[in-house]
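The values are calculated or read from the model by the stated rules, or taken from the named source; none is laboratory data. For clarity, every value in this text was computed on a predicted model and none was experimentally measured. No Cβ is skipped: glycine too gets one built from the backbone with ideal geometry, and neighbour counts run over all protein chains shown. SASA here: full protein model, heavy atoms, side chains in, ligands and nucleic acids out. Shrake-Rupley method; radii C 1.70, N 1.55, O 1.52, S 1.80 Å.
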Amino acid sequence: MHDLVPIFVCVVLPIAVVLITSLARINADNKRTQIIIKAIESNNSIDADKLAESLKKPHRTEREILNLRLLRGCIFSFVGIALCAVGIANLLAGTDFGADPVTVPLMFGGISLAVGASYIVVYFVTRKER
């Protein structure tokens with residue numbers, strides 16, 4: 001029983017996630033093609049290219065992408081700061097440095113802070129290129 005949990009988490013779960021996202025994308029494409037086929041069958045004077053263009057997923061503008069990067073950077077940074085603060089507070093409360101209440105928040109806080117900082121750096125670099 002103890003051997004099955006890591007197998008399911010490391011093997012079955014990622015395969016299931018990829019399968020579900022792939023099937024959702026295929027289903028959305030199939031629905032779009034069915035709509036185009038029905039429109040062509042019902043009315044011959046319709047422009048299929050314009051209809052296909054209108055059914056595409058809307059693309060984000062450069063400004064929206066920049067704002068999302070800044071938002072993610074702020075979120076990750078603030079979560080990292082909060083986790084590091086929890087780890088330091090536990091350390092100051094007298095918990096040993098090697099104990100889980102100190103090392104786990106510090107580790108995940110450092111990772112989150114690094115990811116947030118990278119998003120913010122990418123935001124500022126790509127903003128200046130415009």
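For segment 70-117, a residue qualifies if it is open to solvent by 40 Å² or more (accessible area, probe 1.4 Å), within 22 Å of the chain's Cα centre (by Cα) and either within 25 Å of Lys128 (Cβ to Cβ) or modelled with pLDDT under 95 (or both), and the qualifying residues are Leu70, Leu71, Arg72, Cys74, Ile75, Phe76, Phe78, Leu113, Ala114, Val115, Ala117. Give segment 52-69 a look and list any residue that's over 30 Å from Phe124 (Cβ atoms), part of a helix (DSSP H, G or I) and open to solvent by 70 Å² or more (accessible area, probe 1.4 Å), or say none. Across segment 52-69, the qualifying residues are Glu53, Ser54. Taken over segment 25-51, the criterion of being among the charged types (D, E, K, R) and not in a helix (DSSP H, G or I) is satisfied by Asp47 alone.
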